[in-house]
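J.: This structure is in structure tokens; I'll ask about it shortly.
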Amino acid sequence: MPTLIDKTPPKSPPKSYASTAVSAAARAKAKGDAKGGLYKPREPIYPKLVHGRWRTVKWAVLIATLAVYYITPWIRWARPGDLPQQAVLVDFTGRRFYFFDIQLWPQEVYIFTGLMVMGALGLFLVSALFGRLWCGYTCPQTVWTDLYIVVERAFEGDRNARMRLDAQPLSFNKLWRKTGKHLTWLGIAFGTGGAWIFYFHDAPTLIRTFWIGQGAMTAYVSCALLTATTYIFAGWMREQVCTYMCPWPRIQSAMLDEHSLQVAYLRDRGEPRGAHKKGQSWEDRGDCIDCNQCVVVCPMGIDIRDGSQLECINCGLCVDACDDILGRLGRPTGLIAYDSVDAVAARANGQKAVYKLVRPRTVFYAFALAVVSALTLWALIGRPEAELHVIGDRNPVFVRMHDGAVRNGYTLKIANRTFADHRFEIVFSGIEGVRLSQPGRAAGASIGVVVPADQVVAVRVFVTAPPNDLRPASLPGRFVVRSGDIESSAKTVFLSGAANQ
Amino acid sequence: MADRETDDVTGTETTGHEWDGIRELDTPLPRWWLWVWYGSIAFAIVYWILMPAWPGVHGYTKGLLHHSDRADVASDLHALDVQRGAGASMMRKASLEQIEQDPKLQAYAQQVGQSVFGDNCATCHGVGGTGGKGYPNLRDDVWLWGGSLQDIQHTITVGVRSGHPGQRLSQMPAFGRDELLPPAAVSDLTEYVVKLSGRPADAAAAARAAPVFAEQCASCHGVDGRGMQSVGAPNLTDGEWLYGADRTAIRGQIHAGNGGVMPTWESRLSPETIKALAVYIHANAGGQ
């Protein structure tokens with residue numbers, strides 16, 4: 001990603017430290033950090049409320065994502081028998097994951113792998129096309145921070161009022177506003193952690209048992225953890241989570257190129273910037289009046305006019321702020337806009353801006369996404385209704401009967417994924433004339449076993465082959481279990497003991 | 001009072017004690033070490049009060065916690081009995097056939113049987129129950145003393161040549177060693193037995209041994225050599241040989257008349273456990 005390099009000279013020439021050894025703390029102090037220390041303290045950010053197109057979109061996304069998060073565990077879904085009636089449920093005790101009509105077993109975790117890869121590729125594709133939309137609009141960190149700022153604004157007022165309040169000495173007014181804000185934050189944090197645990201337990205049951213101390217320990221621990229992280233991340237750390245903790249801002253710089261949309265300041269149109277008096281001519285100057293509105297609304301505390309930056313989450317609030325001012329000045333909007341580096345440069349050179357959505361990178365991401373999606377969907381649809389696994393006895397591997405017949409023992413694990421009981425017929429193919437039996441039961445050509453709905457049953461099966469001295473030591477065989485249309489089979493071997501004679 | 005002074009070389013104070021001109025430097029233990037020591041003393045005092053500690057003339061101090069390892073073991077065993085009680089009472093009430101045919105009872109018997117077999121039987125019969133030379137295979141369909149559920153239960157209970165009053169007892173005579181038969185007759189009998197099991201044998205020798213077999217062996221092994229489970233006489237016509245199938249082994253058996261010992265388990269395993277074991281062996285065997 002091309003970056004704009006700030007070529008303005010530093011405000012003061014670098015000092016020489018050659019005379020005496022100076023500690024890092026002393027240097028930090030010299031640079032204006034009163035407390036000293038190795039690190040610059042966080043500069044408080046007071047994002048100002050802004051109105052406009054992107055802010056409206058952000059409100060809508062905020063409401064939609066929070067609604068999905070809070071409502072989903074409460075959707076009921078009819079399932080037969082004793083199965084959970086909750087539409088979306090991660091049932092650790094029953095070792096099942098329910099998603100409406102889909103039910104996944106632990107061994108199908110690869111479906112989640114597929115979903116994760118799809119999510120990653122989807123992010124790559126969207127980033128390559130439209131920039132960091134995920135960061136600016138849908139990331140939980142952004143959504144909850146936005147929500148927390150709403151609360152902050154309700155208690156402490158907008159930017160200027162908040163700055164004044166923070167500068168004041170402690171007073172009753174300050175105390176109740178701060179206390180109210182933090183209590184509301186904690187309430188929201190508890191609601192966040194509290195909603196999370198409903199995904200793992202029957203929600204109507206848990207909401208009762210939780211309050212009387214009868215809930216699962218994991219529910220309390222998860223709730224406490226998420227309450228803490230929500231309060232700390234959205235209330236205290238905010239943009240520092242994105243800038244210092246999250247790997248995605250680093251990774252995404254490899255996804256973006258000069259054709260990706262990102263929030264951009266149209267330098268050629270804006271510069272030279274400067275204050276503008278009403279009635280003054282707009283000739284020989286840029287459209288930027290240096291009103292600083294793009295800076296004060298920024299939740300990340302950056303100046304977008306410095307060019308694209310790692311901190312920028314592409315939320316577009318500065319676009320709204322700038323458009324508002326430009327509208328009042330009667331100038332065309334879009335001095336700060338979602339635009340591509342290439343288009344900005346083209347316009348600066350007087351050429352027509354071209355937006356290229358189809359590029360090798362986007363084609364590759366889209367292709368990879370399509371392939372992984374198709375594979376995952378295929379795996380999901382093609383899941384067998386019954387599954388068979390066979391383990392041959394290790395001791396004894398074979399038993400010879402008095403007439404020379406040879407018997408092998410197997411343990412069959414039959415999984416019935418349907419919601420109905422099934423009587424499976426077990427047959428063994430590959431050797432002529434074998435007879436099948438279960439411990440203590442008479443032998444026959446096949447065995448019937450009832451596997452209850454949504455269960456795995458382990459069955460001991462003895463396979464007895466008639467006497468035949470010419471048989472090789474190891475013979476391939478196949479178990480088949482069948483119930484109506486449902487069928488599953490598994491390869492195995494039959495050991496005749498010929499090598500042991 | 002000793003004369004403490006500072007040693008010139010190390011700069012450390014001495015203890016002031018002197019032996020033949022040798023003085024001792026006073027290097028105290030590290031402070032943390034002392035605290036650990038004091039802590040251990042404090043711990044010991046608390047321990048004496050709480051736990052059994054001091055022997056006395058009539059017993060010992062019990063401690064405030066009244067801890068007793070014996071009582072713990074007893075209560076653990078009791079808890080185990082309670083836990084097993086339901087299963088054991090089912091095993092007591094049900095017949096062997098019922099246990100084998102009921103899936104739940106059989107599963108219980110298989111679990112108990114497998115564990116008990118591993119602890120007690122596997123030493124001779126093998127973990128897989130396939131036995132070895134002199135130790136019968138319990139997985140096939142050949143049985144010396146009968147392979148029905150009741151037969152197996154009885155064999156486990158009384159044992160074979162075990163000294164139990166109701167023991168399974170058979171005695172193959174040592175025809176050669178005890179000079180009941182001349183060596184030539186033993187050789188002829190060997191050919192006869194080989195022929196019985198359907199293998200090529202010296203026809204003339206076998207013919208010579210036919211009357212001897214009728215006279216000496218048929219009373220237990222039967223006229224046709226098919227054996228008799230009531231007296232533990234093995235079938236000589238099948239492919240199963242407890243002491244080996246070749247001529248040397250068969251001849252050795254006629255010569256010395258070996259017979260193994262299986263202990264009685266009546267006093268060591270509960271009747272329910274023996275039932276479970278019998279079902280386990282029968283269900284996993286080749287039948288009868």
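The values are calculated or read from the model by the stated rules, or taken from the named source; none is laboratory data. All figures in this text were calculated on a predicted structure; none of them were measured in a lab. Note that we place each Cβ from the backbone using ideal geometry, even for glycine, and neighbour counts take in every protein chain shown. Areas reflect the complete protein model, heavy atoms only, side chains present, ligands, DNA and RNA absent. Shrake-Rupley method; radii C 1.70, N 1.55, O 1.52, S 1.80 Å.
J.: Can you pull out every residue in the stretch A:410-422 that is assigned to a loop (DSSP other than H, G, I, E, B) and within 12 Å of another protein chain (Cβ to nearest Cβ)?
T.: The first filter runs over the stretch A:410-422 and keeps only residues assigned to a loop (DSSP other than H, G, I, E, B), leaving A:417-421.
Hits for the stretch A:410-422: nothing passes.
J.: Going through the stretch B:114-128 one residue at a time, which ones are within 17 Å of B:Glu266 (Cβ to Cβ) and over 10 Å from the mean Cα position of the chain (by Cα)?
T.: none
J.: Considering A:Ile431, A:Ile426, A:Ile447, A:Ile486, which residue is within 38 Å of the chain's Cα centre (by Cα), assigned by TED's automatic domain parsing to the domain that holds A:Val390 and of a type in the set (Val, Ile, Thr)? Quick ask: steps written out before the conclusion?
T.: Numbers: A:Ile431 fails: within 38 Å of the chain's Cα centre (by Cα); A:Ile426 fails: within 38 Å of the chain's Cα centre (by Cα); A:Ile447 fails: within 38 Å of the chain's Cα centre (by Cα).
Every option except A:Ile486 fails the conditions.
J.: Give me the residue from the stretch A:339-352 that is touching a helix residue (DSSP H, G or I) at 6+ places or on another chain (Cβ under 7 Å) and either closer than 24 Å to A:Ile313 by Cα or of a type in the set (D, E, K, R) (or both) and, out of that set, most open to solvent (accessible area, probe 1.4 Å).
T.: Residues of the stretch A:339-352 touching a helix residue (DSSP H, G or I) at 6+ places or on another chain (Cβ under 7 Å): A:347-348, A:352.
If we keep only those that are either closer than 24 Å to A:Ile313 by Cα or of a type in the set (D, E, K, R) (or both) too, we end up with A:347, A:352.
Numbers: A:Arg347: 94, A:Lys352: 173 Å².
Looking at the filtered set, the residue picked out is A:Lys352.
J.: Just to be sure before I move on: is B:Arg177 open to solvent by 40 Å² or more (accessible area, probe 1.4 Å), on the phi < 0 side of the Ramachandran plot, in contact with a helix residue (DSSP H, G or I) (Cβ under 6 Å, 6 or more places away or on another chain) and modelled with pLDDT under 95 in the structure I sent?
T.: Numbers: open to solvent by 40 Å² or more (accessible area, probe 1.4 Å): yes; on the phi < 0 side of the Ramachandran plot: yes; in contact with a helix residue (DSSP H, G or I) (Cβ under 6 Å, 6 or more places away or on another chain): yes; modelled with pLDDT under 95: yes.
Here the answer is yes, as B:Arg177 does meet what is asked.
J.: Looking at the stretch A:218-238 only, could you name the residues that are open to solvent by 40 Å² or more (accessible area, probe 1.4 Å), closer than 18 Å to A:Glu152 by Cβ and in contact (Cβ under 8 Å) with a residue 12 or more places away in the chain?
T.: Pass one, the stretch A:218-238, residues open to solvent by 40 Å² or more (accessible area, probe 1.4 Å): A:218, A:220-221, A:224-226, A:228-229, A:231-233, A:236-237.
From what is left, the residues that are closer than 18 Å to A:Glu152 by Cβ are A:231-233, A:236-237.
Answer for the stretch A:218-238, where residues must be open to solvent by 40 Å² or more (accessible area, probe 1.4 Å), closer than 18 Å to A:Glu152 by Cβ and in contact (Cβ under 8 Å) with a residue 12 or more places away in the chain: A:Tyr231, A:Phe233.
J.: Okay, moving on. Could you count how many residues in the stretch B:218-230 are within 14 Å of chain A (Cβ to nearest Cβ) and either under 19 Å from B:His154 (Cβ atoms) or open to solvent by less than 50 Å² (accessible area, probe 1.4 Å) (or both)? Quick ask: steps written out before the conclusion?
T.: If we filter the stretch B:218-230 for residues that are within 14 Å of chain A (Cβ to nearest Cβ), which is where we start, we get B:225-227, B:229.
From the residues that got through so far, the ones that are either under 19 Å from B:His154 (Cβ atoms) or open to solvent by less than 50 Å² (accessible area, probe 1.4 Å) (or both) too are B:225, B:227, B:229.
Looking only at that region, the number is 3.
J.: Failed condition for B:Arg92, given (1) open to solvent by 40 Å² or more (accessible area, probe 1.4 Å); (2) touching a helix residue (DSSP H, G or I) at 6+ places or on another chain (Cβ under 8 Å); (3) within 11 Å of chain A (Cβ to nearest Cβ), with all others met?
T.: The number of the failed condition is (3).
J.: Among the residues of the stretch B:231-247, are any closer than 30 Å to B:Ala94 by Cα and either touching a His at 6+ places or on another chain (Cβ under 6 Å) or open to solvent by 20 Å² or more (accessible area, probe 1.4 Å) (or both)?
T.: yes
J.: Checking the conditions here, which among A:Asp284, A:Asp320 is surrounded by 22 or more Cβ atoms within 10 Å (Cβ to Cβ) and charged (D, E, K, R)?
T.: Working: A:Asp284 fails: surrounded by 22 or more Cβ atoms within 10 Å (Cβ to Cβ).
Answer to the check: A:Asp320.
J.: Here are A:Glu432, A:Glu487, A:Glu425: which of them is open to solvent by 40 Å² or more (accessible area, probe 1.4 Å) and assigned to a loop (DSSP other than H, G, I, E, B)?
T.: A:Glu432
J.: While we're here: B:Ala204 - would you say it is farther than 25 Å from B:Pro165 by Cβ, free of Cβ contacts under 8 Å to residues at least 40 places away in the same chain and open to solvent by 30 Å² or more (accessible area, probe 1.4 Å)?
T.: Details: farther than 25 Å from B:Pro165 by Cβ: yes; free of Cβ contacts under 8 Å to residues at least 40 places away in the same chain: yes; open to solvent by 30 Å² or more (accessible area, probe 1.4 Å): yes.
Here the answer is yes, as B:Ala204 does meet what is asked.
J.: Let me ask you something else. Do we find that A:Arg269 is closer than 16 Å to A:Val341 by Cβ and assigned to a helix (DSSP H, G or I) in this structure?
T.: On the way: closer than 16 Å to A:Val341 by Cβ: yes; assigned to a helix (DSSP H, G or I): yes.
Criteria met by A:Arg269.
J.: Can you give me the ranges of the helices (runs of 4 or more DSSP H) entirely in the stretch B:1-118 with at least 2 residues that are free of Cβ contacts under 8 Å to residues at least 24 places away in the same chain and closer than 30 Å to A:Pro439 by Cβ? Before you say what the answer is, go through the steps one by one.
T.: Working: elements: B:31-50, B:69-93, B:96-101, B:103-116.
Qualifying helices (runs of 4 or more DSSP H): B:69-93, B:96-101, B:103-116.
J.: Name the single residue, out of those in the stretch A:397-409 being closer than 12 Å to A:Ser496 by Cα and at the interface with chain B (Cβ under 7 Å from one of its Cβ atoms), that is surrounded by the fewest Cβ atoms within 10 Å (Cβ to Cβ).
T.: Going through the qualifying residues, I end up with A:Gly404.
J.: Oh, and also: Can you confirm whether the stretch B:127-140 contains a residue that is of a type outside the set (Ser, Thr, Tyr), within 14 Å of another protein chain (Cβ to nearest Cβ) and in a helix (DSSP H, G or I)? Spell out how you get there, then give the answer.
T.: Within the stretch B:127-140, the first condition is being of a type outside the set (Ser, Thr, Tyr), and the residues that meet it are B:127-129, B:131-134, B:136-140.
Then keep just the ones that are within 14 Å of another protein chain (Cβ to nearest Cβ); that gives B:127-129, B:131-132, B:136-140.
Keeping just the survivors that are in a helix (DSSP H, G or I) gives none.
Looking through the stretch B:127-140, none of the residues is of a type outside the set (Ser, Thr, Tyr), within 14 Å of another protein chain (Cβ to nearest Cβ) and in a helix (DSSP H, G or I).
J.: Listed residues B:Ala107, B:Ala122; which is within 11 Å of another protein chain (Cβ to nearest Cβ), of a type in the set (A, V, I, L, M) and either open to solvent by 30 Å² or more (accessible area, probe 1.4 Å) or farther than 25 Å from A:Val461 by Cβ (or both)?
T.: Working: B:Ala122 fails: either open to solvent by 30 Å² or more (accessible area, probe 1.4 Å) or farther than 25 Å from A:Val461 by Cβ (or both).
Sole residue among the options that is within 11 Å of another protein chain (Cβ to nearest Cβ), of a type in the set (A, V, I, L, M) and either open to solvent by 30 Å² or more (accessible area, probe 1.4 Å) or farther than 25 Å from A:Val461 by Cβ (or both): B:Ala107.
J.: Name the single residue, out of those in the stretch A:357-396 being more than 14 Å from every other protein chain (Cβ to nearest Cβ), in contact with a strand residue (DSSP E or B) (Cβ under 8 Å, 6 or more places away or on another chain) and open to solvent by less than 80 Å² (accessible area, probe 1.4 Å), that is farthest from A:Met116 (Cα to Cα). Can you show your working first?
T.: Of the stretch A:357-396, the ones more than 14 Å from every other protein chain (Cβ to nearest Cβ) are A:357-391.
Imposing the further condition that a residue be in contact with a strand residue (DSSP E or B) (Cβ under 8 Å, 6 or more places away or on another chain) reduces the set to A:380, A:384-391.
Add one more test, that the residue is open to solvent by less than 80 Å² (accessible area, probe 1.4 Å), and what stays is A:380, A:384, A:386-388, A:390.
Working: A:Leu380: 14, A:Pro384: 23, A:Ala386: 26, A:Glu387: 25, A:Leu388: 28, A:Val390: 31 Å.
Top of the filtered list is A:Val390.
J.: Looking for something away from every other protein chain (no Cβ under 14 Å), more than 29 Å from the chain's Cα centre (by Cα) and over 30 Å from B:Val112 (Cα atoms) - is there at least one such residue anywhere in the stretch B:253-269? Please lay out each step first, then the result.
T.: Narrowing the stretch B:253-269 to residues away from every other protein chain (no Cβ under 14 Å): B:253-269.
Checking the rest, the ones that are also more than 29 Å from the chain's Cα centre (by Cα) come to B:254-255.
Those still in the list that are over 30 Å from B:Val112 (Cα atoms) too: B:254-255.
Yes, some residue in the stretch B:253-269 is away from every other protein chain (no Cβ under 14 Å), more than 29 Å from the chain's Cα centre (by Cα) and over 30 Å from B:Val112 (Cα atoms).
J.: Confirm whether A:Arg482 is more than 14 Å from chain B (Cβ to nearest Cβ), open to solvent by 50 Å² or more (accessible area, probe 1.4 Å) and at pLDDT 90 or above. Can you show your working first?
T.: Numbers: more than 14 Å from chain B (Cβ to nearest Cβ): yes; open to solvent by 50 Å² or more (accessible area, probe 1.4 Å): yes; at pLDDT 90 or above: yes.
The answer is yes for A:Arg482.
J.: Does the stretch A:255-281 hold any residues that are free of Cβ contacts under 8 Å to residues at least 40 places away in the same chain and buried (at least 18 other Cβ atoms within 10 Å of the Cβ), and which are they? Give the derivation first.
T.: Filtering the stretch A:255-281 down to residues free of Cβ contacts under 8 Å to residues at least 40 places away in the same chain leaves A:271-275, A:277-281.
Correct list: empty.
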